[in-house]
Structures are given as C-alpha cells and as structure tokens.
Amino acid sequence: MTTQTSPPTTGRTALTGVRVFDGQELSAPRTVVIDGSVIGTDPAGARIVDAGGAVLLPGLIDAHIHLNGLDTLEQLCSWGVTTGLDMATWPPALVSSLRGVDGLTDIRSPGIPVIGPAGPHAHFGMPAEAVVPDWEAAGRFVSARVVEGADYIKIVLEAPGDGGPDPVVAGAVVEAAHRHGKPVVAHASSRGAYALALEAGADIVTHIPNGEPLGDDMVARMLAGRRVAVPPLSMMQALAALHGSADAFAAASDSVAALYRAGVPVLAGTDAALQPGLPQLVVHGESLHHELELLVAAGLSTVDALRAATVLPARHFGLGDRGAVEPGLRADLVLVDDDPLTDIRATRTIERIWCGGVEHTPAPALRSTTPPAATDRTTSA
Ligand SMILES: [Zn+2]
C-alpha cells in the first residue's frame, strides 16, 4: 500500500487547540508550531490548523522492522510511524538509499547481521559475510559494518547447540562493537539464546520466547544488567498462530508483563518484514498500532505503551532529536481524534501526520474510518 503525499510544507504551520501527550499526560489545548522540519515556537505568518481539541502525539517509533524499499518508508509514514529501526537489511546500497529521505520515515540500521553457521537464519538467503567463524573475524565484521554506516550491530543468537554464533564469537562481536561506540542488538527467541545474549553483554535483546516463560532469573538479570527489551509481540503472535499453537503466545505476553513489572525498559517493535516468496506475517505501519494494543493487553499502562513507541526508543537508541513534542526536535507528529490514554486503540484515529515537517495523509484504511475533523485557515498574522 502506498500513501498519497501532499506537497512539502515550506513555511510554518500552527496547530491550535491540540492536547499534547508530554510523555505522562495530555496538556490543556495549546498551540504547536511546525517550522520547516522542526518544531518551532513562533506562529507568525503560519498556516493555522485548528485541531479542535484533538490529541497530538510524537511521531511513533517502531523499534524492530525490516526494509524493502521506498514503499516501506511510505507505508510506515502513512500509519504515523515516523522512525523505523531496521534490524537487518542488505545489500548496503539499499540501506544507504533509504537513509535521510526528506519528509519520509527516518531509519536506522545495522545492515548485515551476524548469524551462526547452521542456525535457522542460515537458510534465509543471508550474504556469506553474515557468518562470523571466530573472534578475529568478529573484529573485521564490525569494522566493515561501521564503514558501511551501521548505527548498531545486530547478532542473531540461538540456544546452545542450535547452530547460532558460539559464546566466544558473540562476546567478541559485542566487545568490537562497543570499541566502536556501537550498541548491540541480539535476536533471542528462546531462553537459551536470551542467556547467551546476557552473557555476551548485548545491550538490547529483541524477540521473546513463545511457549516458555522467560523466568524470574532472566528478568532479574535483564534488570541488573540495565538491558532493554524489544519483544515484537506482533510477530510472536503471528508465529504462534502460524504453527497452530496460539496458546504458546501467552508465555510471550506473560514474559513482557514480568519485564515491565520489574522495571526493564520495554520498547514497541513489530518485526514487520516482507520476504520474497513468503506470506507477510506482520505488515509495516498498521502493526505498530496492534503492537501497542498487545502491550496494553500484557499489562502496560496506556501511557507506558505510548512511551514504548516514543520517548523510550529515542532514549535507548540515542535519538536525541525526537520522541517528544518539544521545540527544536524533528517535526514528527501524529494528530489523532480520540484519546489513546483512555483507549489505546485511539492511536488509529489518525487525522494528519507530519514526518520531518512534511504533512502526509493517513493510510486509506485509516481514512475510511476516520473523517477528518481539523479545519484549515490561513492567517497573515
Ligand atoms: Zn526481525
């Protein structure tokens, strides 16, 4: 699905009468100025959009996606997902072509991930350099990704004996990444892989086991090690359904609840991906709204679910220019009709989207259910 894009906004836009989500609660109705690509303060000469009390959210961040092309960015944007944190895409030229596209969803990427010689991911058609055989190769792998512009390093871990990278390689990858100042995101979809991720020193762990609870010990180690979790519940739910074991998803949801109760940062990520020749299990954009609903179903408050897709991923991925509605930050904004603090499903009631200051119309699926309420008028003030 592609979105219809309005022409770039060149001047200022003042959104009046918006109730702003400030990371904790909604403000009283006030004015927010979009000044070029950033949030400004001076409404002089601005086009006025009277929001009539609608809710303004920071642009949403999906902390686990995979990229296909420009259409990925357009689709994410049309659902209010203004930042996408890729978790493995190649070739490097494709990733480079999708970086810094003006007025569209902004991405970060690790490029090619580390995989083991024989794990399930060895059969996904990954490039040969993804297999890192020993600690010396780990250093070379990380240097090559840094040269390509990787924002972080991704390593796909499996339970011991399942063909993933061995503990020596995993530890060496983390050490090399940290030497370059890059955080490490570890894929871990079993308890064994989780333990390996913690042992290796990965900063962020993505996925969460289906069918087996993470357990109090692992949750305590996540907290003690100040690790961050990105459990793509949308993908875990889809995989459980695909394997005819919908019950297995309950364990994943319970583990997220345990991490959240313990105080481990939980970020919203979906694992939206499109693999050639395979049915798409999780679609870009719409899935983040589903993910927020799954996080609330797991026990997160609506405020913390919204934080999981705004301020927290900005903080833990070092994106200091976004994640909140504040002057000077990127003008990534989502105007929604209803209050998601009351009902998280209200994030779907999108009226307008700004991505780096450029206004976009919501996805057709949203437009058909959400009549626009905001009205435009131009002022010479
Ligand atoms: Zn993934």
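The values are calculated or read from the model by the stated rules, or taken from the named source; none is laboratory data. In this text, all values refer to a predicted model and were calculated from it rather than measured experimentally. Note that we place each Cβ from the backbone using ideal geometry, even for glycine, and neighbour counts take in every protein chain shown. Protein only, heavy atoms only, side chains kept; ligands, DNA and RNA dropped before computing areas. Shrake-Rupley method; radii C 1.70, N 1.55, O 1.52, S 1.80 Å.
Computed quantities for the displayed model
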quantity: Residue match in the range 111-119 (condition: under 29 Å from Leu57 (Cβ atoms) and within 20 Å of the chain's Cα centre (by Cα)); calculated: no
quantity: Yes/no for Ala193 being within 17 Å of Leu294 (Cα to Cα), in contact with a Pro (Cβ under 9 Å, 6 or more places away or on another chain), of a type in the set (Gly, Ala, Ser) and assigned by TED's automatic domain parsing to the domain that holds Ala272; calculated: no
quantity: Selection from the range 176-188 of residues that are out of contact with any Ser or Thr (no Cβ under 8 Å at 6 or more places or on another chain) and buried (at least 24 other Cβ atoms within 10 Å of the Cβ); calculated: Ala177, Val184
quantity: Among (1) within 30 Å of Pro340 (Cβ to Cβ); (2) assigned by TED's automatic domain parsing to the domain that holds Ala193, the one test that Pro113 misses; calculated: (1)
quantity: When residues of the range 39-58 are limited to those that are touching a residue at least 40 places away in the same chain (Cβ under 8 Å) and not aliphatic (A, V, I, L, M), the one farthest from the ligand (Cβ to nearest atom); calculated: Gly45
quantity: Helices (runs of 4 or more DSSP H) completely within the range 193-292 that count 2 or more residues being surrounded by 24 or more Cβ atoms within 10 Å (Cβ to Cβ), over 17 Å from the mean Cα position of the chain (by Cα) and more than 13 Å from the ligand (Cβ to nearest atom); calculated: 248-262
quantity: Qualifying residue in the range 310-333 (condition: open to solvent by less than 10 Å² (accessible area, probe 1.4 Å) and part of a strand (DSSP E or B)); calculated: yes
quantity: Top-ranked residue in the range 293-309 [being assigned to a loop (DSSP other than H, G, I, E, B) and open to solvent by 20 Å² or more (accessible area, probe 1.4 Å); ranked as farthest from Tyr194 (Cα to Cα)]; calculated: Ser301
